[in-house]
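The values are calculated or read from the model by the stated rules, or taken from the named source; none is laboratory data. Fair warning: this is a prediction, and the values are worked out from it, not measured in the lab. Glycine also receives a Cβ, built like all others from the backbone with ideal geometry; neighbour counts cover every protein chain displayed. Surface areas here come from the heavy atoms of the whole protein model, side chains and all, with no ligands, DNA or RNA. Shrake-Rupley method; radii C 1.70, N 1.55, O 1.52, S 1.80 Å.
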Amino acid sequence: MRDNADVVVVGAGIMGLSIAYHLAASGVRHVTVVDKSYLCGGASGRNGGGVRAQWSSEANVRLMQESIRMCREFASRMKINVWFRQGGYLFLARTPAIRAQLEKSVALQNDCGLPTRMLSPAEARRIVPELDISGVDAASYNPDDGVVFPWPFVWGYAQAAQKLGVDVVPWHDVVGFETEGARMTGVRVRRSGPPGEQGDGPAAVIKTRQVVNAAGAWAPQVARMVGVALPNRPHRHEICSTEPLKPWLKPLVADLSDGLYFSQSTRGEIVGGIGNEYVAPGLDQGSSHAFLGKYARSLVRACPVLGSVKVLRQWAGCYDLTPDANPIVGPVDEIEGFFQAHGFMGHGFMMAPVIGKLIAQVVAGGPEVPQFERWNLRRFKEGKLLSEAMIIG
Ligand SMILES: Cc1cc2nc3c(=O)[nH]c(=O)nc-3n(C[C@H](O)[C@H](O)[C@H](O)COP(=O)(O)OP(=O)(O)OC[C@H]3O[C@@H](n4cnc5c(N)ncnc54)[C@H](O)[C@@H]3O)c2cc1C
């Protein structure tokens, strides 16, 4: 590990690695990414791999148009198969209110150039013939949305960043920061070690004037070390995958009434989850039996044929929730040189390609990104909250 860097990124999830890769690609020479765990130990190794441009705010639609383009090129650019499959996203509405929300979002998406369209229940069943449409009021469908396999996406960024000279340092915990007045001057790091191997020794210091907090659901802990309070809340989300089936399910199906989503991976498994508002906030990545019951009931209501399919594996990760369902991105007023890149709820994976590129541009001193001003932390103090209705789970 180098003892000084132009930029230190805290967190080697998809966001931190994308930022580091784009910084190095834009010519920043000494970039270090520190993670207290292994690559894929956080939400980036535990998610559903869904990638979509169906959003209710113009910023998210336009950013995701670019991110999907980058996902399409990722395998050939990074020389790694990420199993990207564009089978579309099919959103189901079961109430007039959700139907109205879908209609509004589809109109906006069409204005942005997306081919999304509203479907009647019968039309939705033409896309997924196994769907039980009783109780379904309407659906929206964008054929260009898709899914990736998250792990190689993370590894692809890590390997490409390392090839460009980025120091990727797993099993090292950021335990504090050094400042001079209100300016960032260094990051204190202590070896954490894999399970069974205790971290030891005094903290080392990486001298730097620029730090990016990309610690996902742990971002508030990291920011607190330098006196910055974040409003984010970690929230456990569970997910599971079944035995592999021959390909039959084209889109990812999402039900906005209860947060159910499921898709078929290129390996044949049905991968899906469901939101649970009764889970207490906290940094918990454990699994529960209650989840399987809730998910199974909702899944079988949507697609009864799946009732006899066996679940092989379940796991969980943390959503990184913010009060207005929008991320926190950009510099903070309290400490010069301390950038934020977190609060991406349940959609940070799909956003990482484009957001990583734009954050790298700003950190490297390039042109400002107007959207980042709207996503700045200070909006909570100023009462300028944003909104986003197309949140799953
Ligand atoms: C069940 C589930 C399903 C999801 N489905 C989707 C989906 O379909 N599509 C989508 O786009 N998104 C999805 N998401 C959300 C997505 O996974 C996240 O938004 C995204 O992975 C966040 O990436 P990140 O790099 O910000 O955070 P993470 O991947 O969590 O990385 C943060 C890293 O910071 C490290 N860290 C924390 N504290 C410290 C410290 N003090 N020192 C050093 N390192 C530290 C952690 O070890 C971790 O590796 C889902 C999430 C979950 C949990």
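In summary, helices (runs of 4 or more DSSP H) completely within the stretch 75-171 and bearing 1 or more residues that are under 25 Å from G13 (Cα atoms) occur at 150-163.
G193 falls short on exactly one of the conditions (1) within 16 Å of the ligand (Cβ to nearest atom); (2) not in a loop (DSSP other than H, G, I, E, B), and that condition is (2).
Scoring W315 on the criteria (1) farther than 19 Å from D258 by Cα; (2) part of a helix (DSSP H, G or I); (3) in contact with a Cys (Cβ under 9 Å, 6 or more places away or on another chain); (4) hydrophobic (A, V, I, L, M, F, W, C) leaves a single failure, condition (2).
Taken over the stretch 10-56, the criterion of being more than 8 Å from the ligand (Cβ to nearest atom), of a type in the set (A, V, I, L, M, F, W, C), in the same structural domain as V175 (by TED's automatic domain parsing) and open to solvent by less than 10 Å² (accessible area, probe 1.4 Å) is satisfied by I19, A20, L23, V31, V33.
Candidates F291, F262: the one that is touching a Cys at 6+ places or on another chain (Cβ under 9 Å), crowded, with 19+ Cβ neighbours inside 10 Å, among the aromatic types (F, W, Y) and part of a strand (DSSP E or B) is F262. Of all residues in the stretch 36-70, those satisfying the criterion of being over 27 Å from P370 (Cα atoms) and outside any helix (DSSP H, G or I) are K36, S37, Y38, L39, C40, G41, G42, R46, N47, G48, G49.
Mind checking whether some residue in the stretch 196-206 is part of a loop (DSSP other than H, G, I, E, B), under 20 Å from S44 (Cα atoms), in contact with a strand residue (DSSP E or B) (Cβ under 8 Å, 6 or more places away or on another chain) and within 12 Å of the ligand (Cβ to nearest atom)? Explain how you work it out, then say what you get.
Our first condition is that a residue be part of a loop (DSSP other than H, G, I, E, B); within the stretch 196-206, this holds for 196-203.
Still in the running and under 20 Å from S44 (Cα atoms): none.
Checking the stretch 196-206: not a single residue is part of a loop (DSSP other than H, G, I, E, B), under 20 Å from S44 (Cα atoms), in contact with a strand residue (DSSP E or B) (Cβ under 8 Å, 6 or more places away or on another chain) and within 12 Å of the ligand (Cβ to nearest atom).
Among the aliphatic types (A, V, I, L, M), more than 21 Å from I274 (Cβ to Cβ), out of contact with any helix residue (DSSP H, G or I) (no Cβ under 7 Å at 6 or more places or on another chain) and in a loop (DSSP other than H, G, I, E, B): is that true of V28 in this structure? Spelling it out, V28 is indeed among the aliphatic types (A, V, I, L, M), more than 21 Å from I274 (Cβ to Cβ), out of contact with any helix residue (DSSP H, G or I) (no Cβ under 7 Å at 6 or more places or on another chain) and in a loop (DSSP other than H, G, I, E, B).
Taking the criterion of being β-branched (V, I, T) and open to solvent by less than 10 Å² (accessible area, probe 1.4 Å), would at least one residue in the stretch 178-185 satisfy it?
Of the residues in the stretch 178-185, the ones β-branched (V, I, T) are 179, 185.
Checking which are open to solvent by less than 10 Å² (accessible area, probe 1.4 Å) leaves us with none.
Checking the stretch 178-185: not a single residue is β-branched (V, I, T) and open to solvent by less than 10 Å² (accessible area, probe 1.4 Å).
If you go through the stretch 229-240 one residue at a time, do you hit one that is over 22 Å from A352 (Cα atoms) and not small (G, A, S)? Yes.
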